[in-house]
Amino acid sequence: MSQQLIFTNDVAGAIDNWARTAAPTRLFVIADTNTASLVLPQLEEKSSAIAEAAKIIVGAGEGFKNITTLAEIWSELCSGGATRSAAVINIGGGVITDMGGFAAATFKRGIRFVNVPTTLLAAVDAAVGGKTGIDFRGLKNEIGAFAPADAVIISTRFFRTLPATELRSGYAEMLKHALLAGDGSFDRLISVEPDSLTDDELLELVKQSVLVKKDVVTKDPTEKGLRKALNLGHTPGHAFESLALEKGSPVPHGYAVAWGLVVDLVLSHLKLGFPSALLRQVAQYVLDTYNVPDINCTDYPRIVEYMRHDKKNAGDGTISFTLLSAPGQVDVSCTAEPDEITAALDIFRDLMHI
């Protein structure tokens, strides 16, 4: 899976360099209403490619990551005369890079696209690795395709336009990558507050985190084995996220992943002997940084049911997990029974003082 990663805080220059080399016949920008007001004007001022591109603006938030919005994007591409030689630049968070990438991957059986993530979460997760998709029937990323961007331009310069919750949301994915790497970077990450870092300091940490993901994705681009490691925290995390949507109180994806990390580390301790001291350290950091989810024991059946819908499951009724015996020591082939999951949720609630 070929995907150029460009780490720079000169985003406009990087976009124009790519556009000169790729020379698309028509260029389209996909952004949501928030990015259109906060980021696009800055880029239009400095990037001739962005200034001249056709703009497709969609609603902001997970609630718009659906087939209705996708059809609107396809319609705009059609109306704008996009051919297979056209290209799309997705500017925004994970919703835009997921949905814009899927729109590009399916239009005319695939046109080129570039991701310019404007959130930390998108920079270290959604924009990199070639996964695209939309939500369907209340399930996250239920419809999608593996389709790598031509390039991902990663910068930290737009992160300050976001609330602190967005920065912390992306930081959860960095914690996950650090636990998978087992190289000591986890200690560095939990020693600082994410919003205390300068743009350049954060860019260096982001680069280290993204390269962990790139290494895994290069070895297993379509998630046949090793890439499942990147799902650490995501089986319970997606369930927490779906439950929150069901209750009408959405939570940031990274917050759900942070809570999911603690659940997975509880299971890791119970099943693989993950060190209890480190589990407690992670749980305390997550509690201090991400607060707690709105769950109680009556929610357990719904949480387990959402886990059954996870795309990693084999289809035989078992629920699959990525677990760790220690940082850097990953087992992507674990399963857990409903009673084991509810026991882990009980311990999780104790650790999080729920």
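Looking across the range 264-278 at every residue that is more than 22 Å from Glu241 (Cβ to Cβ), part of a helix (DSSP H, G or I) and without any contact (Cβ under 8 Å) to a residue 60 or more places away in the chain, the one that is least open to solvent (accessible area, probe 1.4 Å) is identified as Leu278.
For the range 289-296, check the following and say yes or no: at least one residue is in contact (Cβ under 8 Å) with a residue 40 or more places away in the chain, of a type outside the set (Asp, Glu) and open to solvent by 30 Å² or more (accessible area, probe 1.4 Å). Looking for residues that are in contact (Cβ under 8 Å) with a residue 40 or more places away in the chain, of a type outside the set (Asp, Glu) and open to solvent by 30 Å² or more (accessible area, probe 1.4 Å), one finds at least one in the range 289-296, hence yes.
For the range 281-332, what are the residues that are part of a helix (DSSP H, G or I) and more than 23 Å from Thr165 (Cα to Cα)?
Matches in the range 281-332: Cys297, Thr298, Asp299, Tyr300, Pro301, Arg302, Ile303, Val304, Glu305, Tyr306, Met307, Arg308.
Quick check on this structure: which one of Leu226, Leu230, Leu243 is touching a Lys or Arg at 6+ places or on another chain (Cβ under 6 Å) and more than 22 Å from Gly61 (Cβ to Cβ)?
Leu226
Between Gly92, Gly138, Gly110, Gly130, the distinction of being at positive phi and buried (at least 22 other Cβ atoms within 10 Å of the Cβ) belongs to Gly92 only. When Glu166, Glu142, Glu76 are screened for being at pLDDT 95 or above and either out of contact with any strand residue (DSSP E or B) (no Cβ under 6 Å at 6 or more places or on another chain) or not hydroxyl-bearing (Ser, Thr, Tyr) (or both), only Glu76 passes. All of (1) crowded, with 22+ Cβ neighbours inside 10 Å; (2) assigned to a strand (DSSP E or B) hold for Ala145 with one exception: (1).
The values are calculated or read from the model by the stated rules, or taken from the named source; none is laboratory data. Computed from a prediction, not measured in an experiment: that's the story for all the values here. Positions of Cβ are generated from backbone atoms using ideal geometry, with glycine treated the same way; all protein chains shown enter the neighbour counts. Just so you know, the surface numbers come from the protein's heavy atoms only, side chains and all, with ligands and any DNA or RNA stripped out. Shrake-Rupley method; radii C 1.70, N 1.55, O 1.52, S 1.80 Å.
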